[in-house]
Amino acid sequence: MSKQLKLEYVRDRLPVCYRYKPVIRWFMILMSFSIMVYSIYFMIRFVNNSTPIFFKMLPLAITFVGLDSVLKKISSLDSVTFHKDHLRLGFIARKPLEIPYDNILGLELHKKITFYFGVRYMDLHGKQQKYTTQASFPHTLEIILNIADMAPKAEVPDQMKSIVEYLKASVNDEIRQDN
């Protein structure tokens, strides 16, 4: 038997925010930064002319991996907030992206190595833009369902229509069971 989806529409209780758990997010940023700082300390303190090349390169590699991790975490999507008239995509180190529901042109879901979820929209200058993030974001299915519900002009590709219809049917079944 398939697992029951616990989804709901957010239009009646706006604003609603979906986000990574801040404690875990900041712990991972702190951990990556600490590893990076310790690798630099190790290079300065213990690496000298007689150190084998492997032990000279290893701290550099660890530093770059730590830096990459920190930069990805502070510049990637941190929160999705549904407001009455717009969708707000929040980041830690970037300005938030606010998209009016009327400007959302379409939703996309595609697979490269992992699944990615995209929103096509018209920016304030009239240019078509696209924001894409990994579909591993918390409550992705509920976010897709509510964007499709709140954005009247959003074009949903055929492959995603069946997903959205299934999600809507799940929510409607859950509403009927509650009554």
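Applying a DSSP loop filter and a limit of 12 other Cβ atoms within 10 Å to the trypsin sites (Lys or Arg not before Pro) in the stretch 57-158 leaves 84, 112, 127, 153.
Here the stretch 87-117 and the stretch 129-160 have alpha carbon centers that stand 8 Å from each other.
Using only DSSP helix segments of four residues or longer, with each worth -39500 (n - 2.57), what per-residue ellipticity at 222 nm results for the chain after dividing by its residue count and rounding to 500? Don't skip to the end; give the middle numbers.
On the way: 4 runs with 80 residues, N = 179.
So the helix-based figure for the chain works out to -15500 deg cm²/dmol.
Structural size metrics of the chain, computed from C-alpha coordinates, are Rg and Dmax of 21.3, 76 Å. Pairs of Cα atoms nearer than 8 Å and 6+ residues apart set the relative contact order; for the stretch 100-178 it is 30 percent. Computed from Cα atoms, the angle from the helix 158-178 axis to the main principal axis of the chain rounds to 70 degrees. Counting only lysines at least 8 places from residue 111 when in the same chain, those with an alpha carbon closer than 17 Å to its own are 130, 161. By the Cα gyration tensor, the stretch 100-178 has an equivalent ellipsoid whose semi-axes, rounded to whole angstrom, run 23, 16, 10 from largest to smallest. Between the residues 137, 55, 156, the greatest Cα displacement towards the positive end of the dipole of the chain, with unit charges on the Cβ of Lys, Arg, Asp and Glu, is found for 55.
Would you mind getting me the FRET efficiency between residue 88 and residue 30? Use the beta-carbon distance for r and R0 = 22 Å, nearest 0.05. Before the final figure, lay out the partial values.
Working: r = 26 Å, r/R0 = 1.17.
So the FRET efficiency works out to roughly 0.30.
Of the GluC sites (Glu not before Pro) found in the stretch 73-155, none is in coil by DSSP with at most 16 other Cβ atoms within 10 Å of its Cβ.
Measure nothing fancy, just the Cα-based angle from helix 53-75's long axis to the longest principal axis of the chain, in degrees from 0 to 90, nearest 10. The two axes meet at around 30 degrees.
No lab work stands behind these numbers, since they all come straight from the coordinates. Keep in mind that what you see is a predicted model, and the values were worked out from it rather than measured. Positions of Cβ are backbone-derived with ideal geometry, glycine not excepted, and every protein chain shown enters the neighbour counts.
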